[in-house]
Amino acid sequence: MTKRVAILISGGGSNMVALARSMQTDHPARPVLVLSNDPAAGGLAKAQDMDIPTLAIDHKPFGKDRAGFEAALHKALEAAQPDIICLAGFMRILTPDFTARWEGRMLNIHPSLLPKYKGLHTHARALAAGDPEHGCTVHEVTAALDDGPILGQARMKVTPEDTEESLAARLLPLEHRLYPAVLQRFAAGDRTPVML
Ligand code: GRF
């Protein structure tokens, strides 16, 4: 049976578009919802253009009530009945309560070669460390931030001319190749890591 995929975004949604496009061909999954915590996220219009149902649940009115926001998120997701949730540039930290509910079914893409550089500013940190290579990782989401079993990584060389911006710009196309490749495998029930 075709797997139902919900994609969670906060911004431009270029990874979401790459995932959604990949599912337009012969594929074990299809997108059923694109959900953003920011009603102004550019990715929402892109999803609508691709005829994918969208929803915005603004986290701001919830203030410090993280549980309240996550309850709303959970309710919306349950209504969409996803088999798989893809976090794609979703910039909210999720509590262990939430991640436990979807464990084994939720993926994330992170712009570093995990376990290096969990959290923010990954490109700057790779440069500051003088790393000869940098990359991105798709992993299963567990309670710990940017942790969980690795499902795929894509690597690239860092050059002496690289800046934070050039690393981000060169990495994004790799993210767009890696995430669909991992999703296709994962949706088919195969957790063997994809290495690009
Ligand atoms: C990507 O760089 C991703 O690695 C990071 O946020 C960015 C999302 O971009 N977590 P987009 O919204 O998919 O275009």
Amide H contacts of Val34 (H built 1.01 Å from N, under 5 Å, at least 5 apart or other chain): Ile7, Thr54, Leu55
Efficiency of FRET between Arg101 and Glu161 - r from beta-carbon atoms, R0 30 angstrom, step 0.05: 0.10
Cα principal axis extents for region 3-189, largest first, Å: 49, 42, 30
For q = 0.13, 0.18 Å⁻¹, Debye-computed log10 I/I(0) when each Cα of region 133-192 counts as one equal scatterer: -0.40, -0.69
Residues whose placed amide H lies under 5 Å from that of Lys3, excluding near-sequence neighbours: Ala29, Arg30
Degrees, to the nearest 10: 66-80 long Cα axis against longest axis of the chain: 70
Whole-Hz ³J(HN,Hα) from phi, Karplus 6.51 cos²θ - 1.76 cosθ + 1.60, for region 9-22, glycine and proline x: 10, 9, x, x, x, 5, 5, 4, 4, 4, 5, 4, 4, 5
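Rounded to a whole number, what % of the accessible area of region 1-121 do carbon and sulfur atoms account for, probe 1.4 Å?
Of the solvent-accessible surface of region 1-121, carbon and sulfur hold 54 percent.
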Residues of region 1-138: accessible area per residue with a 1.4 Å probe, Å²: 47
Max mean-square fluctuation residue, GNM over the chain, Cα-Cα springs under 10 Å, options Pro173, Pro160, Pro149: Pro160
Selected from Leu87, Leu174, Leu120 as most flexible by GNM, with the chain as the system and alpha-carbon contacts under 10 Å: Leu120
The chain - mean residue ellipticity at 222 nm from DSSP helices (-39,500 (n - 2.57) per run, n ≥ 4, rounded to 500): -11000 deg cm²/dmol
Residue among Ala154, Ala76, Tyr179 farthest towards the positive dipole end of the chain, charges placed on Cβ: Ala76
Degrees between helix 164-187 axis and first principal axis of the chain (Cα, 0 to 90, nearest 10): 50
Solvent accessible area, Å² - Met50, 1.4 Å probe, full protein context: 50
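The values are calculated or read from the model by the stated rules, or taken from the named source; none is laboratory data. The shown structure was predicted, so the numbers you read here are calculated from the model rather than taken from an experiment. Note that each Cβ is placed from the backbone with ideal geometry, even for glycine, and that neighbours are counted across all protein chains shown. Surface accessibility is based on the protein's heavy atoms, side chains included, excluding ligands, DNA and RNA. Shrake-Rupley method; radii C 1.70, N 1.55, O 1.52, S 1.80 Å.
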